[in-house]
Amino acid sequence: MEHHNRQYHQMDDPEMAKNSRRARTICQEYNQLPPGDEAAKAALLKKFLGGFGEGSVIQQPFQCDLGSQITIGKNVFINYNCVMLDIAPVTIGDNTLIGPNVGIYGASHPVSPKSRLLGNCWAAPITIGENVWIGGSAVILPGVTIGDNAVIGAGAVVTRDVPPNTVAVGNPARVVGETGD
């Protein structure tokens, strides 16, 4: 996978830490709202996230790093226990379905132990197209783009781009077919 779109940062960056604390506080507030109060949940997400489309739902609990880097289209459904590491932008297109326990990890650490000990980190944007279905417990890694109408099988680990109108499964995820009409 190409990493030309990596953004580098330090784990102990004071501004990043401040924004992360704010996000954890808002996520805690969100996760404590009554489950049936969709209006309050949507209102909080519209203020917190970079974008939150009409008709979209995020089931509780939900966790993220910053919130401001997440843009969610219209009529998106995100099931329980979703974690988004949004140090880099995470964009989710309209009419996308995301199963329970899905991890959308736009942030990572260097392979080098010395670099990790110095607190170096990196992130790369994740783009999930329109009308995508991501099965439960799938993991989407930094820098990945999932094309429109794609299906990601349950438990898949997506390490590279997935073309539109395809089905990808496994670890690492590989394309095994097309979605049809």
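Relative to the Cα centre, what is the charge dipole magnitude of segment 105-181, using +1 at the beta carbon of each Lys and Arg, -1 at the beta carbon of each Asp and Glu, and rounding to the nearest 20 debye? Mind dumping the intermediate values first?
Working: 4 positive and 5 negative charges, 119 e Å.
Here the size comes out at about 560 debye.
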Next item on the list: Can you figure out the FRET efficiency of ALA40 with GLN7, using R₀ = 25 Å and their beta-carbon distance, to the nearest 0.05?
Entry: 0.15
Check: Once the convex hull of the C-alpha atoms of segment 50-121 is built, how many Å³ does it hold per residue, rounded to a whole number?
Finding: 85
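How much area per residue is accessible in the chain when the probe is 1.4 Å and only protein heavy atoms are counted (Å²)?
Numbers: 9090 Å² over 181 residues.
It amounts to 50 Å² per residue over the chain.
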Notebook entry, point to check: What per residue convex hull volume, in Å³, do the alpha-carbon atoms of segment 1-77 yield?
Noted result: 115
Item checked: Semi-axis lengths (Å, descending) of the ellipsoid that matches the C-alpha gyration tensor of segment 84-128 -> 27, 11, 6
Check: Near LYS41, which lysines are there with a Cα under 20 Å away, not counting those fewer than 8 places off in the same chain?
Finding: LYS74
Next item on the list: Using a 1.4 Å probe and counting only protein heavy atoms, arrange LEU97, LEU117, LEU66, LEU33 so the residue with the most accessible area comes first.
Entry: LEU117, LEU97, LEU33, LEU66
Margin query: Translational diffusion coefficient of segment 105-173 at 10 °C, 1.306 mPa s, Stokes-Einstein with Kirkwood Rh over Cα pairs, in µm²/s as a whole number.
Written below: 126
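The values are calculated or read from the model by the stated rules, or taken from the named source; none is laboratory data. Since the model is a prediction, treat every value here as computed from it, not as a measurement. Neighbour counts are summed over all protein chains in view; Cβ atoms, including those assigned to glycine, are modelled from backbone coordinates with ideal geometry. Side chains are part of the model used for accessible areas, which takes the heavy atoms of the whole protein and leaves out ligands, DNA and RNA. Shrake-Rupley method; radii C 1.70, N 1.55, O 1.52, S 1.80 Å.
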